[in-house]
Amino acid sequence: PAGTTAEVRRLLAGALGDRGEVVTGPSPVQALKARKNPRELESMARSFRRADAVVAAAMLWLNRKVADGRPVTEAEFAARVEALFLDAGARGLSFRVIAAAGANGAVIHYSHPDPARRIKKGELMLLDTGAYFEPGYATDLTRTFLAGGAAAKATPKQKLVYTLVLKASIRGMKARFPAGTTGVQLDAIVRAPIWDAGYDFLHGTGHGVGVLVHEFPPRVSTRSSSPLEPGHVFSIEPGIYLDGWGGVRIENLVTVVPDRKAEGFLRVKPLTFAPLDRRLIDGKLLSADEKQWLRQYVRGRA
């Protein structure tokens, strides 16, 4: 019932006539599709590494252009991102590139980059993008960074907002929880640092990823009662969005594995490692444990 329209049910009933009846129930396929097997996970991880490299190259390209004073619009940057994916062997995008500069970053799904909006040195740039590589699993990744290379300096507010979102991301990517924990529980774990600072975000913390860029199960949100299981692949994407100022979102894809340190527990394992913008990190706001985890993550070992 959650994924089939009333019209489909009507057509099925008409086709059956008096020879049978349409029975509603949960899909027997969804749960199987959600739990990725080891070969699927290996394949997805290879695609994610290629997407990480594309995002890193796109950030470097834009920073060099802006640092040199060359005009680049949101639409031009989005086109460059798509070209980089295709050059890297992608068969196509998994969704339209979100390239939101400055105040436009406050629009959560800013799916139409402006051909007239030039990207300025020192402003936040939010890039949310993904593509399909062989053998056909989607990628999805968001990075917010400071446009303009090494010469660009972050403001205190930019660093505060970015670091709060980073703390939320770390909470999710290092989470450990008992088997049976649901998406709504992980959602609260991720939101806690943002809530503590008096902010919130009006979208879910994460969605399943597979042959589609949005799949269910799993889901990590304020209304998700389904449990998180080993083999699930999903996003963790907290954000803060301030009208008239801009937004910060950091999105990574993760999976769930058994926790070898605690029987009956599971842990989150990161699968994406595109660079974070260190210029936007306020180390004073990170705990010693968060700093240690972040050092491991930067090395690709979290």
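The values are calculated or read from the model by the stated rules, or taken from the named source; none is laboratory data. Because the structure is a prediction, the values reported are computed rather than measured. Cβ placement follows ideal geometry from the backbone for every residue including glycine, while neighbour counts extend to all protein chains displayed. For the accessible areas, the whole protein counts, side chains as well, though only heavy atoms, and no ligand, DNA or RNA atoms are used. Shrake-Rupley method; radii C 1.70, N 1.55, O 1.52, S 1.80 Å.
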For the range 1-143, the percent of accessible surface on carbon and sulfur atoms (probe 1.4 angstrom, ligands and nucleic acids excluded) is 54 percent
Once you sort the root eigenvalues of the Cα gyration tensor of the range 81-211 as a ≥ b ≥ c, which label holds: rounded (a/c under 1.5), prolate (a/b larger than b/c) or oblate (the other case)?
oblate
Carbon plus sulfur fraction of accessible area for the range 147-193, probe 1.4 Å, in percent
62 percent
Tell me the label-point distance for the pair residue 53, residue 134, using the 7 Å Cα-to-Cβ offset, in nm and rounded to one decimal.
1.5 nm
At q = 0.20 Å⁻¹, what base-10 log of I(q)/I(0) does the Debye formula yield for the range 35-149 when every alpha carbon is treated as an equal point scatterer in vacuo?
-0.99
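Tell me the relative contact order for the chain as a rounded percent, counting alpha carbon contacts under 8 Å between residues six or more apart.
Computed value for the chain: 19 percent relative contact order.
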Crossing angle, helix 156-173 versus the chain [Cα axis fit, 0-90 degrees, rounded to tens]:
30 degrees
Calculate, for the chain, the solvent-accessible area per residue in square angstrom, rolling a 1.4 angstrom probe over the heavy atoms of the protein chains.
49 Å²
If you fit an axis through the alpha-carbon atoms of helix 183-196 and take the longest principal axis of the Cα set of the chain, what angle between them do you get, 0 to 90°, nearest 10?
20 degrees
Please quote Rg/Rh for the chain to two decimal places, taking the Kirkwood radius as Rh and restricting both calculations to Cα atoms.
1.01
Expressed as an acute angle from 0 to 90° and rounded to the nearest 10, what is the orientation of the C-alpha long axis of helix 74-87 relative to the principal long axis of the chain?
60 degrees
For the pair residue 37/residue 288, report the inter-label distance in nm, with labels modelled 7 Å from Cα in the Cβ direction.
4.6 nm
When a/c reaches 1.5 or more, the comparison of a/b and b/c decides; with that in mind, is the range 223-296 rounded, prolate or oblate per its Cα gyration tensor?
oblate
